[in-house]
Amino acid sequence: MKKVINFVLLAASMSAGISATASANSLDDLLKQVKNDRISEAKLDKKREAEFLSARADKQALLAKAKKELANQNARNARLTKEYAANEITLAQKEVELDNATGTLGEMFGVSRAAAANAYGAISTSIVSAEYPGRGEALNRIANSKKIPSLPDLEELWFALQTEMTQSGKISQFTTDITNLDGSKSTEMVTRIGTFNLISKDGFLNYNDELGQVQPLAKQPAGYISGTASDFFNHTSGYAPLYVDPSRGAILTLETRKKTLEEFYHEGKEVGYAITVLLILGCLIALERMIVLGAMSAKIKSQEKNLDQPNENNPLGRLLKVYHDNKAVDAETLELKLDEAILRETPKVDRGINLIKMFAAIAPLMGLLGTVIGMIMTFQTITLFGTGDPKIMAGNISLALVTTALGLICALPLILIHSIVAGRSKSLLQKLDEQSAGLIAAIAEKESK
């Protein structure tokens, strides 16, 4: 047991000795590292100090250079200020000399510039420039000139004004390029009516002063207006009527914005088209009835000249055929047979007439339907977009009004046509009744004898 204890103590003492030796070595290394780091920091500090001193010297040089530049600029500023003051004095002296040298020409300078500016505004937009281009360039140069106009410039102003006055009272024909709406160009003969209008074989033209081009109107005015322009263009002598726009295009532009009857018609849309179909059908039925009744009336008149030989190609002939077939019967029986024959002829004579009357009654009702639809659409538009822009509601209001007008336009002629056709059919039936009564009277007279 003692041996074991001694062995343990010996092992512990050896372990403690080894640990003390390791600690001593670590402290020596740490001290050595601290000394080395101290030497490195000292070297780094010296390097930084040297760099700072070098940069300080550079900054001093830059500062000295900036101060020198500032001094130079201050000297330049003083010199330029002195020169500016001297130039102001010289400029004032030169202006006085210019006024003295100009004398009364200064007033002419102002008047000529004002006259050129006013003339440029009138001449550059005049349709005379379509025939005599380039007149505005000289006027613009005179109006913007900074010196007294020369004699040629004053002559240009005079010629421009004189040309405008002279041409304003003339009707002239000339050939020029016309820029069509699709961008293509064509060379055509154009007639100029003073300073009012340009016309061609197709109607009125417009002069675009910004582009210096003659262009056709986007839409010609009403036919009775544009027709006079075409007729006037084709006249070679004498006098011809023509609508002239004294406002140089303003009234003509308003006329082109007016809607034509065709455009108003198409605003009725589907309801308007349906009313038109009724009118066409009614007119076709009336035309067919007038032709048939006219032919029937001619045949009846021919039959009236030959009552003894009935022809079955007309109602009276068929009625006479019944009479000739039943001469032996009494008057009462003959009356019944003739009434039966007239009743058979009545549908052939009255066919389609009631249909015309029905169309005349339906057309205003369809117009009223279009009015109701248009007002419903108008209120819907107001609900969605408000009432700020009346143009949004204009289409629906047009539908409401146009359909009402179309319904009345359709009903009026149909009522008139129905009256004419119905009167013609009644006159034919009345002739049949007259002949029937005459035949019955003849039989009754025979029986009474």
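Restricting attention to segment 227-261 and to residues that are of a type in the set (S, T, Y) and open to solvent by 100 Å² or more (accessible area, probe 1.4 Å), the residue that is modelled with the lowest pLDDT turns out to be T236. The conditions of being at pLDDT below 80 and in contact with a helix residue (DSSP H, G or I) (Cβ under 9 Å, 6 or more places away or on another chain) are not met by G194. Of all residues in segment 289-304, exactly one satisfies the criterion of being surrounded by 19 or more Cβ atoms within 10 Å (Cβ to Cβ) and of a type in the set (D, E, K, R), namely R289. Listed by position, the helices (runs of 4 or more DSSP H) contained in segment 44-160 that have at least 1 residues being without any contact (Cβ under 8 Å) to a residue 60 or more places away in the chain are 105-124, 135-143. Being surrounded by fewer than 17 Cβ atoms within 10 Å (Cβ to Cβ), assigned to a strand (DSSP E or B) and not acidic (D, E), is that true of even one residue in segment 197-208? Taking every residue of segment 197-208 in turn, at least one turns out to be surrounded by fewer than 17 Cβ atoms within 10 Å (Cβ to Cβ), assigned to a strand (DSSP E or B) and not acidic (D, E).
Please work out which residue is modelled with the lowest pLDDT, limiting yourself to segment 165-184 and to residues that are in a loop (DSSP other than H, G, I, E, B) and open to solvent by less than 60 Å² (accessible area, probe 1.4 Å).
G183
Within segment 248-289, the residues that satisfy the criterion of being of a type in the set (S, T, N, Q) and within 26 Å of L198 (Cα to Cα) are T253, T256, T260. If you go through segment 305-327 and keep only what is open to solvent by 80 Å² or more (accessible area, probe 1.4 Å) and without any contact (Cβ under 8 Å) to a residue 60 or more places away in the chain, you end up with K305, D308, Q309, E312, D325. Just one of (1) in contact with a helix residue (DSSP H, G or I) (Cβ under 8 Å, 6 or more places away or on another chain); (2) more than 18 Å from S124 (Cα to Cα); (3) hydroxyl-bearing (S, T, Y) fails for Y239. It is (1).
The values are calculated or read from the model by the stated rules, or taken from the named source; none is laboratory data. Quantities reported herein were computed from a predicted structural model and do not represent experimental measurements. Cβ atoms come from the backbone with ideal geometry, glycine included; neighbour counts cover every protein chain shown. Each accessible area value is taken on the protein alone, full model and side chains, heavy atoms only, with ligands, DNA and RNA left out. Shrake-Rupley method; radii C 1.70, N 1.55, O 1.52, S 1.80 Å.
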